[in-house]
Amino acid sequence: MPAMTFDLFSDTELPPRPPQQIADSAWLLPGFVDTRRAEAIVALLRRLVRQAPLRRLQTRGGHWMSVETASCGRYGWISDRAGYGYSERDPVSGQPWPEMPPLLRQLAQDGARQAGFADFAPDCCLINGYRPGAKMGLHQDRDERDFSQPIVSLSLGLPAIFLWGGLQRSDPVRRIGLMHGDLMVWGGPSRLVYHGVAPLRPGRHPLLGEWRLNLTFRRAR
Ligand code: SIN
Ligand code: FE2
């Protein structure tokens with residue numbers, strides 16, 4: 001008899017995971033993107049990062065972030081010793097960021113709508129690449145102009161533990177598993193919740209190898 005296999009990454013062998021409300025106006029939409037669509041997205045991203053390469057950013061304090069970052073859309077998020085915020089140009093190339101592919105814009109808007117945000121108009125897609133060990137400390141997304149617009153965040157590749165805190169840095173933090181294809185949406189009263197990502201555990205994903213990619217869609221301006 002063939003051995004039973006359990007493939008952690010296959011969306012056909014996992015029990016279905018229904019949408020989960022994390023907090024007021026904050027939703028986890030598991031498997032929002034299926035395997036086929038994820039392949040199309042990764043193909044787009046491979047092209048995109050040839051134009052705007054993933055790079056490590058330095059904080060104003062001089063600390064190098066462990067994630068590697070690029071953007072597409074009208075605005076990109078950058079950080080260096082001079083400060084951080086949104087820019088219309090990629091400082092590596094001096095050129096505008098690549099356009100946000102319509103497929104990505106549409107999926108971000110669909111996800112936002114499912115979470116109750118019908119008018120999401122993203123002008124920035126931040127691409128964060130995590131290798132094993134990379135992490136993101138607790139922070140608020142607060143460089144955007146209009147906090148009535150939500151944050152929409154797609155996870156691809158290796159699984160991660162998302163850290164979900166509260167409106168105060170000192171609030172208790174919940175750990176939420178994020179798998180390939182999962183979408184998180186938060187806004188409204190949860191828009192300024194502290195969040196982060198625990199150090200990525202080693203592994204190999206069939207599509208992305210030793211990477212987790214996170215796409216964060218925002219309305220920057
Ligand atoms: C972020 O907060 O910008 C990244 C979140 C994630 O990687 O899931
Ligand atoms: Fe964030």
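The values are calculated or read from the model by the stated rules, or taken from the named source; none is laboratory data. Predicted model only: the values in this text are computed from it and were never measured. Every residue, glycine as well, gets a Cβ built from its backbone with ideal geometry; the counts of neighbours run over all protein chains shown. We work out accessible area using only protein heavy atoms, side chains counted, and drop any ligands, DNA or RNA first. Shrake-Rupley method; radii C 1.70, N 1.55, O 1.52, S 1.80 Å.
In the stretch 96-120, of all residues being part of a helix (DSSP H, G or I) and aliphatic (A, V, I, L, M), the one that is farthest from ARG145 (Cα to Cα) corresponds to LEU103. Set side by side, the residues ARG191, ARG169 differ, and just one is away from ligand 1 (no atom under 14 Å from the Cβ) and at pLDDT 95 or above, which is ARG169. Yes or no: LEU28 aliphatic (A, V, I, L, M) and part of a strand (DSSP E or B)? Yes, satisfied.
Filtering the stretch 127-148 down to residues that are within 16 Å of GLY188 (Cα to Cα) and open to solvent by 50 Å² or more (accessible area, probe 1.4 Å), which residue is nearest to ligand 1 (Cβ to nearest atom)? Ranking the candidates gives ARG142 first.
Scanning the stretch 69-85 for residues that are out of contact with any Asp or Glu (no Cβ under 6 Å at 6 or more places or on another chain), in contact (Cβ under 8 Å) with a residue 60 or more places away in the chain and surrounded by fewer than 22 Cβ atoms within 10 Å (Cβ to Cβ) returns a single hit, THR69.
Taking the condition of being of a type in the set (A, V, I, L, M), under 16 Å from ILE127 (Cβ atoms) and not in a strand (DSSP E or B), how many residues in the stretch 76-93 meet it? Counting residues in the stretch 76-93 that are of a type in the set (A, V, I, L, M), under 16 Å from ILE127 (Cβ atoms) and not in a strand (DSSP E or B) gives 1. Restricting to the stretch 131-152, name every residue that is within 11 Å of ligand 2 (Cβ to nearest atom), closer than 20 Å to ARG56 by Cα and either assigned to a loop (DSSP other than H, G, I, E, B) or hydroxyl-bearing (Ser, Thr, Tyr) (or both). Passing the criteria: GLN140, ASP141, ASP143. Take PHE162 and decide whether it is of a type in the set (Phe, Trp, Tyr) and in contact (Cβ under 8 Å) with a residue 60 or more places away in the chain. Judged against the criteria, PHE162 is not a match.
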